[in-house]
1. Heavy atoms only, 1.4 Å probe, whole protein assembly: order M82, M24, M30, M72 by accessible area, highest first.
2. So what does H71 come to for accessible area, using a 1.4 Å probe and Å² rounded to 10?
3. If you roll a 1.4 angstrom probe over the protein chains with everything in place, what fraction of the accessible area of the range 1-80 belongs to carbon and sulfur, to the nearest %?
4. Give the aspartates and glutamates whose C-alpha is closer than 16 Å to that of K85, dropping any in the same chain fewer than 8 places away, or say none.
Amino acid sequence: MSFLGFGRPQPSSEEKISAVQAEMKLLTQMHDRLTKACAKKCVPNEYRESELNKGESVCLDRCAAKFFDVHMKVSELLQQEMQQKGAGGMGGGGGGFGFGG
């Protein structure tokens, strides 16, 4: 319930659960893509040791950092695009502060 009738209506419990489930699915998919891409690039198929060596560890670290960097940049671009579409041609080009989250 909003104060004095202002604000948006609050989502129902079912809507909240659905949103969390959708977010978890996206995070799981992103983790799977990250794992597959970086393991394919950095860890040889025929490994001889039970632990990662230094080169593999550094490669995985850099790969994950690049993956998340690209993910954040794409997310920011999509957010800006959505804001511009939502502005309906009202000059919505100044709202991108680059807050990632």
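1. On the way: M82 130, M24 110, M30 25, M72 70 Å².
Descending accessible area places them as M82, M24, M72, M30.
2. 70
3. Numbers: 4340 of 7330 Å².
About 59 percent, which is the carbon plus sulfur part of the accessible surface.
4. The reachable aspartates and glutamates, counting only those whose Cα sits under 16 Å from K85, are E76.
The values are calculated or read from the model by the stated rules, or taken from the named source; none is laboratory data. What you are looking at is a predicted structure, and each value in this text was computed from that prediction instead of being measured. SASA here: full protein model, heavy atoms, side chains in, ligands and nucleic acids out. Shrake-Rupley method; radii C 1.70, N 1.55, O 1.52, S 1.80 Å.
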